[in-house]
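Below is one structure, written out as structure tokens; comments come after it.
Rule-based calculations on the coordinates, nothing more; no lab input. Predicted model only: the values in this text are computed from it and were never measured. Positions of Cβ are backbone-derived with ideal geometry, glycine not excepted, and every protein chain shown enters the neighbour counts.
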Amino acid sequence: MRSADDCTELLAQLSVSEAPLQRALDPQAARGMTLPAVQFDEAGFRFALNEDAMAMTSWPRAFALLWPTPENSEQLMLAV
């Protein structure tokens, strides 16, 4: 996962670039997909999360970026 500084640098590069961006995800194609509904109780969700290696490495990093300190966490919770 990139750091916030990496993302800032990437956004700065993109803002001055004239190169076309290729769309990676297509909303129309997604709407046309038929995916089975998934429902979990808490135990099932935790088991599925533990079985997904990417989720197990991505979640902690995402939370660390969003809530690096208890103070920031409290500020974010109060803002909602």
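Grab the beta carbon distance between residue 16 and residue 43, set R0 = 41 Å, and tell me the FRET efficiency rounded to 0.05.
Working: r = 50 Å, r/R0 = 1.21.
My answer for the efficiency is 0.25.
Between residue 34 and residue 57, the modelled labels are 3.6 nm apart [label points 7 Å from Cα along Cα→Cβ].
Which length gain, in nm to one decimal place, applies between residue 65 and residue 26 when the Cα-Cα distance is subtracted from 0.36 nm times their residue separation?
Numbers: separation 39, 0.36 × 39 = 14.04 nm, distance 2.76 nm.
Between residue 65 and residue 26, full extension yields 11.3 nm more.
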